[in-house]
Amino acid sequence: MGILDFLTGEFIDVIHWTDDTRDTMVWRFERENHEIKYGAKLTVREGQAAVFVHEGQLADVFTPGLYMLETNNMPILTTLNHWDHGFRSPFKSEIYYVNTTRFSDLKWGTKNPIMCRDPEFGPVRLRAYGTYSVKVSDPARFLVEVVGTDGEFTMDEISYQIRNIIVQEFSRLIAGSGIPVLDMAANTRDLGKMLAEAISENIAEYGLMLPELYIENISLPASVEAALDKRTSVGIAGDLNRFTQYSTAEAMTSAASNPNGGGGMGAGLGAGLGMAMAGQMARGPWGAAPIEPVAPPVEHIWHIAKGKVVSGPYSKADLGRMVTEGTLKRDTYLWTAGQDGWKVAEEIQELAQLFTVLPPPPPGA
């Protein structure tokens, strides 16, 4: 075998790449001091693309298939080297394999709460998280804009940037959606689609696309969720008084189940809650004290003094008839229990009105 045959055999004539890492996006096929033989076989499998970079310039891009590296299959590289169809010399180029499959089950989430305005609760803070998938849509653009000369580029190197874009677009979308917080769970699918479309427009300049994005959960702060739970519990209980009694009974049960939790605190708390519950049961349905019935006024019994003769007792109705008959005058002395001595009728406020109400004239008068 001649020296030329030996040198020809040293050149790389089979180019391919298989990946078992599941997170490598770009891998560079390159060996020091080895050249690629003109007419070598290039294998590009499904889910891959091969990008040739020659002397720092982006040359040809090969989609899945088996290629013989000749002038008719490398139009750009041939133009850069000014080859003709009869040229058979080896050449040096960097070949980058780009993984064009989906990278799925990637996590995203809001690091800090997002402020937005809810039509029912007013200003609220929301958190959200979910998953997404990403794939390379333009291998050449992705290599130029993101990878550069990195010989092995993984998903971890760009996932942080994509998560930032997702959170930014989610904040903008959720703040302008106008969807009430309580209705967001029913609209997560539509929100996910809208979010994926908005993000795909932003990352298209990187040569990437976002095939899918899922919003797994949208949550409120713990304190707000606790308040909503109480509101729901009140709605289920229906009667606030019964709910209060139920809560008191639950607290008593918890205190009784841990009698040694705080020395005698459990027993004291149970006794205190028992008294509070008894007081609560004695109150009205909304915790207010019931209105005490008003006792009717006590009717006075009167005695009349004419000279040294005392008569009675008379009711107020009797005195009214006597005024009508003319037997009770304004200067007549009267006395009732609790009154300080005898007083004339017109000085007694309770009886003075009897003399101001006079009957109408009799018929025919």
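Here, each number is a calculation from the coordinates, and none is a lab measurement. All values reported here derive from a predicted model rather than from experimental measurement. Neighbour counts run over all protein chains shown; Cβ positions are idealised from the backbone, glycine included.
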Sorted by chain and then number, the residues having a modelled amide H within less than 5 Å of the amide H of Y38, at least 5 places away or on another chain, are F91
So E350 and D318, fully extended at 0.36 nm per residue minus their Cα-Cα distance, gain in nm 10.1 nm
Taking the reciprocal of mean 1/r across every pair of different Cα atoms in the stretch 302-355, the Kirkwood radius in Å is 11.0
Listed by chain and number, the residues whose amide H is under 5 Å from that of Y333, excluding neighbours fewer than 5 places away on the same chain and using placed H, are A305
Assertion target for K329, K308, ordered by fewest C-beta neighbours within 10 angstrom first, is K308, K329
